[in-house]
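S.K.: The structure's right below; bear with me while I get my questions together.
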Amino acid sequence: MKKFLITTAIDYPSGKPHLGHAYEKICTDVIARYKRMAGFDVHFSTGTDEHGMKIQRCAEKKHKDPQQYVDEMSGHFRELCEVLNISYDDFIRTTDPKHIRTAQQIFRDIYEKGEIYKGTYEGLYCVDCETYYTEKDLKDGKCPVHGTVPETVSEESYFFQMGKYREKLLGHIRKHKEYIQPDAKRHEIENRLNDPLKDLSVSRTSFDWGVPVPIDEKHVQYVWMDALINYLSTIGWPSDEAKEYWKSAVHIIGKDIVWHHTVIWGSILMAAGIPLPKTVYVHGFVNIKGEKMSKSGGTVVNPVELAVKYGADPMRYFLVSEIPFGSDGDFSLESLFTRNNDELLNNLGNLVNRILTFISSKNASKVTKPGKYDEADRAMEKSIKRYPAVVAKLLDSFNLQAALDNVMKLAKEGNEYFQQKEPWKRDYDNCLYIGANLLRSLAIMLSPFIPESAEKIWKYLNLPGSVHKQKWDSAAEFGVRPHHVIGTPEPLFKRLSV
Ligand code: MSP
């Protein structure tokens, strides 16, 4: 079976998860679930980035040992995955021994190739992004991401000769358009690479909460030189199996860490003699009223509370349908409620309910045997057969929003078909047979997006096994046979209001 690796960024557990973390995990989960149904052996990893100065300081503030602190905080991110039905295969923590081993191995490999030298780092550092800055990078003397004044650092450090990879990186980026997606992000990085590229400080001595540098234990590895390597440790690099997964690696990340994932990670991999990931796909930010969520502004949304209160599926549905993947978007409870009520409840829920209750009440829960098709039947059948390939193509090109939109279009066509056929007035054999198969097809195509509801449709249809185990292409088939007895339908969605 062909292997496929997909990863989210690993989150800083310096606070509880917010909606941005939820968004990234949901979108990545949609792709992972789809790829499994498309026949791939998927490894989907997510996790927490637990070392570095930021974490050490947070732990100190709480009078906790850093390990105890990250053990506790990492649990919140795992909980987020559970409540949102994120189907990860590995939750990787950078304090896992398997990760520490790999992180040290890569450092050592690069050192032994002569790519790392000792020097002194003098300059600016933003602890919140754990990133080195030059004066030129700053906005009014402040970090461009956090708006805080960076600290001035001067310490002995090991340096990685990143600078010499500038041209090679540019060559790779230009040749492999799929390496950085969407295109606008690729252009941004290409432009930045027109300037000289500096070597990267890859170790610190002023604190000790990190992976010890294998060749000099006075130093700890720079947190990005540790964190990025999680993508290799999660698959058990350098096993043969890991190399197979790596060929198809896709990193899903937010727009603030594109440089780290394409230039820093790309050059580390080049130095280590490891191929670059196939794609770094960059998504936008979830904002509140057009503004970045902020603790001080009280606009940080707790996604665990939301999912528990309103359900994982309405949240998953909202975030994927509302925000074009690759652009910024806004979250508000009102728009979550509107999408839930208008689209999930009134379109999809209504369709499922109509068809299934009709089969239960009019035909003793048995799917009818179809007769001769009329034009409406033929059109509906054609759509059921056509949509799975359309949606697959959109998912393969990371167009999650359009993919979901198309599935919902099919549901809408289904409602119109039912309305047009008026089965309560005349012969309903074709309508119920096609309707049951339409629901089957929708359940399969919805399963990556709203897994709980898709599984419910599957159960109401009384089909064997789990919808998540179905082959994607089988959504185009008519798998519900005449005389099949369906289960007992229940309402799929609740109306949401304040
Ligand atoms: N620990 C680093 C990543 C290391 S990956 C080797 C980090 N952590 S983070 O917790 O700050 O961010 C984790 C992910 O969430 C990143 O991809 C980031 O872009 C994303 N998001 C953070 N805020 C976000 C929004 N408001 N909206 C959407 N995604 C956002 O960076």
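The values are calculated or read from the model by the stated rules, or taken from the named source; none is laboratory data. Since the structure is predicted, the reported quantities are computational estimates derived from the model, not experimental observations. Here the Cβ is made from the backbone with ideal geometry for all residues, glycine too, and neighbour counts use every protein chain on show. Protein only, heavy atoms only, side chains kept; ligands, DNA and RNA dropped before computing areas. Shrake-Rupley method; radii C 1.70, N 1.55, O 1.52, S 1.80 Å.
S.K.: Starting at the first residue of segment 461-474, write each ³J(HN,Hα) from the Karplus equation 6.51 cos²θ - 1.76 cosθ + 1.60 with θ = phi - 60°, in whole Hz, x for Gly and Pro.
M.R.: My calculation for segment 461-474 gives 6, 6, 8, x, x, 10, 5, 5, 8, 7, 7, 3, 5, 6 Hz in order.
S.K.: Here is a follow-up. Order H260, H176 by their accessible area, 1.4 angstrom probe, all chains in place, largest first.
M.R.: H176, H260
S.K.: Among K61/K142; K177/K382; K98/K292; K3/K25, which pairs are too far apart, with a Cα-Cα distance over 32 Å?
M.R.: In this structure, K177/K382; K98/K292 exceed 32 Å between Cα atoms.
S.K.: A further question follows. Evaluate the charge dipole of segment 332-476 about its Cα centre and quote only its size in Debye, nearest 20, assuming +1 on the Cβ of each Lys and Arg and -1 on the Cβ of each Asp and Glu.
M.R.: Details: 21 positive and 17 negative charges, 104 e Å.
The dipole magnitude comes to about 500 debye.
S.K.: Something else now. Identify, among W259, H51, A227, the residue whose Cα sits farthest towards the positive end of the charge dipole of segment 3-283, taking +1 on the Cβ of Lys and Arg and -1 on the Cβ of Asp and Glu, with the dipole about the Cα centre.
M.R.: The residue sitting farthest along the positive end of the dipole is W259.
S.K.: Also: Amide H of N462: which non-local residues (sequence gap of 5 or more, or other chain) have their own amide H closer than 5 Å, using H built in the peptide plane?
M.R.: Those qualifying (amide H under 5 Å, at least 5 residues apart or on another chain) are G487.
S.K.: Kirkwood hydrodynamic radius for the chain: how many Å is it when counted over pairs of different Cα atoms?
M.R.: About 24.5 Å, per the Kirkwood formula over Cα pairs.
S.K.: Can you list the residues, at least 5 places off or on another chain, whose amide H is less than 5 Å from the amide H of D11, using H built in the peptide plane?
M.R.: The list, which skips near neighbours in sequence, is G47, T48, D49.
S.K.: Tell me which residues come under 5 Å, amide H to amide H, from D41 once H is placed; ignore anything under 5 positions away on its chain.
M.R.: K2, K3, F4
S.K.: Let me ask you something else. Taking +1 at the Cβ of each Lys and Arg and -1 at the Cβ of each Asp and Glu, which of M1, P489, N85 sits farthest along the dipole of the chain towards its positive end, judged by Cα position relative to the Cα centre?
M.R.: After comparing all options, I get P489.
S.K.: Find the accessible area per residue for the chain; the probe is 1.4 Å, ligands and nucleic acids are left out, and the unit is Å². Working shown, then result.
M.R.: Details: 20960 Å² over 498 residues.
On a per-residue basis, the chain sits at 42 Å².
S.K.: Per residue of segment 267-277, what does 6.51 cos²θ - 1.76 cosθ + 1.60 with θ = phi - 60° give for ³J(HN,Hα)? Whole Hz please, x for Gly and Pro, Karplus curve as stated.
M.R.: Whole-Hz 3J(HN,Hα) from phi for segment 267-277: 6, 4, 5, 4, 5, 7, x, 10, x, 6, x.
S.K.: Can you give me the angle between helix 429-446 and the longest principal axis of the chain, using Cα atoms only, in degrees from 0 to 90, rounded to the nearest 10?
M.R.: For helix 429-446, the angle is close to 10 degrees.
S.K.: Probe radius 1.4 Å, ligands and nucleic acids left out: which of R204, R36 has the largest accessible area, and how do the rest follow?
M.R.: R36, R204
S.K.: For segment 3-283, with the dipole built from +1 on Lys and Arg beta-carbon atoms and -1 on Asp and Glu ones, taken about the Cα centre, which of H146, G273, P66 lies farthest toward the positive end?
M.R.: Projecting each Cα onto the dipole axis, the largest value belongs to G273.
S.K.: Turning to a different aspect of this structure: Order the following by accessible area, largest value first: T7, T488. Probe radius 1.4 Å; ligands, DNA and RNA are ignored.
M.R.: The residues order as T488, T7, largest area first.
S.K.: Take every Cα pair under 8 Å in the chain that's 6+ residues apart, average their separations, divide by the length, and report that relative contact order as a whole percent.
M.R.: 16 percent
S.K.: OK, next. Would you mind counting up the charge near L5? Only other residues with Cβ under 13 Å from its Cβ, with Lys and Arg at +1 and Asp and Glu at -1.
M.R.: Computed value for this residue: +2.
S.K.: Given a 1.4 angstrom probe, I'd like the percentage of the accessible area of the chain that is carbon and sulfur, rounded to a whole number. The partial results should precede the final answer.
M.R.: Details: 10360 of 20960 Å².
Here it works out to 49 percent.
S.K.: Got a sec to turn the phi values of segment 385-391 into Karplus ³J(HN,Hα) couplings, 6.51 cos²θ - 1.76 cosθ + 1.60 with θ = phi - 60°, whole Hz, x for Gly and Pro?
M.R.: With coefficients 6.51, -1.76 and 1.60, one gets 7, 8, 4, x, 6, 5, 5 Hz.
S.K.: Treat every Asp and Glu Cβ in the chain as -1 and every Lys and Arg Cβ as +1, leave all other atoms uncharged, and give the resulting dipole magnitude about the Cα centre to the nearest 20 debye. Walk me through the numbers before you get to the answer.
M.R.: Numbers: 67 positive and 67 negative charges, 355 e Å.
It works out to roughly 1700 debye.
S.K.: Ignoring ligands and nucleic acids, what accessible area does S154 show with a 1.4 Å probe (Å², nearest 10)?
M.R.: Taking all protein chains as shown, S154 has close to 80 Å².
S.K.: Now, a different point. Exactly which trypsin sites (Lys or Arg not before Pro) in segment 67-170 are in a DSSP loop and have at most 15 other Cβ atoms within 10 Å?
M.R.: K113
S.K.: On the principal axes of its Cα set, how long, how wide and how thick is segment 3-283? Give whole Å, largest value first.
M.R.: Cα extents, longest axis first: 52, 48, 39 Å.
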